[in-house]
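One structure is given below, encoded as structure tokens.
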Amino acid sequence: MKAKLLLPGIVLLTALAGCDLFDDSPCGPNQNYDLYLLGSSIVDSTADVYYSYMDGGNRVFQWSHLLENVCSQEHAKMECRVALLDETTAGISARARASWLFLFEENITMTKNGSDIKGKGEVGLKQAFGEDEAWFVPTLEVFFPTKGSYGADTAFLKQNVISVEMMAKYRKH
């Protein structure tokens with residue numbers, strides 16, 4: 001008889017542990033920043049997240065966004081993905097990072113697997129901000145040897161990159 005009563009109690013405790021009733025975090029609610037660009041929207045300069053520049057002989061396409069009102073007491077998490085046309089797409093690389101307080105930066109390793117270039121990492125803000133409200137800038141960059149002009153580079157990007165994705169999960173201050 002006791003075994004029958006114990007099982008529903010365990011199920012109930014497991015269900016409650018999965019919800020926010022036991023959340024003892026000093027931070028506010030969970031927040032998600034999701035950037036998902038597909039097709040021609042990849043180089044949409046009206047979205048305030050896109051920028052392009054030259055780095056030596058490479059054209060760099062960059063997406064970034066300032067995230068404010070971030071709780072510094074818990075690590076922010078980032079995931080990035082660049083979906084290529086197919087597995088044989090060559091010459092395109094990607095890198096990701098998070099920067100904060102103008103002096104700090106955490107690079108996120110991006111690895112190619114098939115037709116995807118992916119990476120994920122965490123950002124610790126407490127050392128720089130203490131218990132104050134924090135901010136950080138997640139950044140994703142795709143780069144390749146220039147094709148000679150911005151127009152040719154943009155066409156090459158649109159032809160070979162299907163989508164770019166950048167996600168940041170953090171808590172409000």
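Assorted remarks:
Yes/no matrix, rows are residues, columns are (1) surrounded by fewer than 13 Cβ atoms within 10 Å (Cβ to Cβ); (2) on the phi > 0 side of the Ramachandran plot; (3) of a type in the set (Lys, Arg):
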residue: PRO29; (1), (2), (3): yes, no, no
residue: THR46; (1), (2), (3): yes, no, no
residue: TYR50; (1), (2), (3): no, no, no
residue: MET54; (1), (2), (3): yes, no, no
residue: SER64; (1), (2), (3): no, no, no
residue: ASN69; (1), (2), (3): no, yes, no
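- Residue that is nearest to LYS120 (Cα to Cα), among those in segment 145-173 that are surrounded by 13 or more Cβ atoms within 10 Å (Cβ to Cβ) and small (Gly, Ala, Ser): ALA168
- Test: LYS112 is of a type in the set (Lys, Arg), crowded, with 17+ Cβ neighbours inside 10 Å and either in contact (Cβ under 8 Å) with a residue 24 or more places away in the chain or not in a helix (DSSP H, G or I) (or both): no
- Every residue from segment 129-144 that is farther than 17 Å from ALA98 by Cα and surrounded by 13 or more Cβ atoms within 10 Å (Cβ to Cβ): PHE143, PHE144
- The set of residues from segment 116-149 being under 19 Å from MET167 (Cα atoms) and not aliphatic (A, V, I, L, M) comprises ASP116, LYS118, GLY119, LYS120, GLY121, GLU122, GLY124, TRP135, PHE136, PRO138, THR139, GLU141.
- Test: residue in segment 97-118 that is under 12 Å from the mean Cα position of the chain (by Cα), at pLDDT 95 or above and closer than 19 Å to GLY57 by Cα: no
The values are calculated or read from the model by the stated rules, or taken from the named source; none is laboratory data. Bear in mind the structure is a predicted one, so any value in this text is a computation, not a measurement. All Cβ positions, even for glycine, are placed from backbone atoms using ideal geometry, and neighbour counts span all protein chains on display.
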